[in-house]
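Shown next, in structure tokens, is the structure this report addresses.
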Amino acid sequence: MIRKTFVPVVCAISLLVAACSGSQKNSASPDMPSLKTVFKDDFAIGTALNAEQIEEKDPKAAVLVPQQFNMATPENIMKAEVIHPQWGTYNFDLADKMIEYGKKHNIKINGHTLIWHSQLPAFARQIQSVDSFKTFFTDHINTVAGRYSGKIFSWDVVNEALNEDGTMRKSVFLNKMGDNFVTEAFRLAAAASPNTELYYNDYNNEQPAKRAGCIALIKKVQAAGVRIDGVGIQGHWHVGKVPLKDIEESILQYSALGLKVMFTELDIEVLPRNFQGADVNQRMKSDPSLNPYVNGLPDSVQQQLAKDYQALFNLFLKHKDKITRVTFWGVNDGQSWLNGWPVRGRTNYPLLFDRQFMPKPAFYKVIEAKKDFANTKKGF
Ligand code: G3I
């Protein structure tokens, strides 16, 4: 008798607790909103995955990622330093696991990245002759893009080839091959992987000067009759300073080129930093004042973060006809590269899920943006 009475009471209490706890829903709870479902008619929702998450060794991420995301980008394991460590030697183990992960969870994979001046293997950086460098360049793209042709949805073909003023970055690619290396990279990738979407990806390319350089670069590829399908605006922004006007103008201008527009590495910095951008080579000297929230994020900052993410998604929804994907650069705060850059060992809070994989107020404000958008459409 007690057992019959007991069970309904327990259920009622747990439901009541869940209902009152609001954002305290467990990240694995089936009744928590799903980003990919909420935005299924608007754009894909992606995340960057590290090796542990790809191998599903991170139990909370193993539940949360398939629940929330329908696209994924390898944070590091497809970069040349990892996948092509020695001349003619390729290490595809983790990249193959990423492809299998995508198949298992019905998550499309964006390859990152074929050509980037950072995380290049030492042998490539040390190549002296132009001919040998061109051989490395061609073999790398043909081998890597060729292997995943038909298995991968898209590639960041070239990453971060521009300076802040829109001129070409003086990278080893520019020095060895001239500024035509971008067009050549897309030409090779299109031939090696004909049914894969091909993107140019950069940070701060929503800023007018860099955007102008990015548009000129894209037009150069297009003028050569070479396929380029989209542009990635990485979206490494700062709390309280998200450049919404520049972002909207960039969506319009890139879309006018006939390109798909994506936000490919979205996170919002909440710690002090005296420069914008995401150049991994930049560093700041460590100082306690630069790591003020070791014991938790003040509510005022948490609320500003939520407000910024809501404003971004209001803008993304306004231009959902031009935007095909929004990818967060990491699943949760604990994983974020911003805990270690530009100052090592900081405690940052740039994403929608906290260190316990619980949704933050920003998560619910992103969901609210869709509700508001839907109501506007209905004329409420
Ligand atoms: O895997 C090695 C490990 O074996 C070694 O013990 C450890 C200690 O040095 O380093 C590990 O490699 C690190 C790697 O992340 C994997 O954790 C590299 O040092 C570290 O530099 C690398 O940082 C990545 C950074 O790109 C540089 O490649 C970040 O995780 C990643 O979030 C960041 O992502 C970039 C995008 O690819 C391009 N856009 C900017 C964005 C942020 O910088």
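The values are calculated or read from the model by the stated rules, or taken from the named source; none is laboratory data. This structure is a prediction, so every number in the text was calculated from the model and none was measured. No Cβ is skipped: glycine too gets one built from the backbone with ideal geometry, and neighbour counts run over all protein chains shown. Quick note on the areas: whole protein, heavy atoms, side chains included, nothing else; ligands and nucleic acids left out. Shrake-Rupley method; radii C 1.70, N 1.55, O 1.52, S 1.80 Å.
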Task: Dipole magnitude (debye, nearest 20) for the chain, charges at Cβ of Lys, Arg, Asp, Glu - done: 660
Task: Cross-link pairs beyond the 18 Å C-alpha cut-off, checked among 36/241; 36/103; 260/318; 170/210; 79/170 - done: 36/241; 79/170
- [ ] For the chain, with all protein chains present and a 1.4 Å probe, just round the carbon and sulfur fraction of the accessible area to a whole percent.
- [x] 55
Task: Nearest-0.05 FRET efficiency for residue 125 and residue 300, computed from C-beta distance (R0 35 Å) - done: 0.20
- [ ] For the chain, report the accessible area per residue in Å² (1.4 Å probe, heavy atoms, rounded to an integer).
- [x] 43
Task: the chain - share of DSSP beta bridges that are antiparallel (%, nearest 5) - done: 10
Task: Chain lengthening between residue 377 and residue 89 when straightened (0.36 nm per residue, less Cα-Cα) - done: 98.3 nm
Task: Entries in 104/320; 307/378; 108/371; 151/371 that, when Cα-Cα distance is taken, lie over 32 Å - done: 151/371
TODO: Treating only the Cβ atoms of Lys and Arg (+1) and Asp and Glu (-1) as charged, compute the dipole magnitude of segment 88-165 about its Cα centre; round to the nearest 20 debye.
DONE: 440
Task: Positive-end residue of 188, 214, 198, charge dipole of segment 159-227 with Cβ unit charges - done: 188
Open item on the list: How many angstrom lie between the Cα centre of segment 300-331 and the Cα centre of segment 148-224?
Closed with: 25
TODO: Output ³J(HN,Hα) for segment 150-155: one whole-Hz value per residue in order, computed from phi by the Karplus curve 6.51 cos²θ - 1.76 cosθ + 1.60 with θ = phi - 60°, and x for Gly and Pro.
DONE: x, 10, 10, 7, 7, 10
Task: Cross-link partners of residue 176 among lysines (Cα-Cα below 16 Å; sequence separation of 8 or more within a chain) - done: 134
Open item on the list: At a 10 angstrom cut-off on C-beta neighbours, averaged per residue, how do the peptides 259-265, 281-287, 66-72, 224-230 rank from highest to lowest?
Closed with: 259-265, 66-72, 224-230, 281-287
- [ ] Note the full-extension length gain between residue 172 and residue 81 as 0.36 nm times their separation in residues minus their Cα-Cα distance, in nm to one decimal.
- [x] 31.3 nm
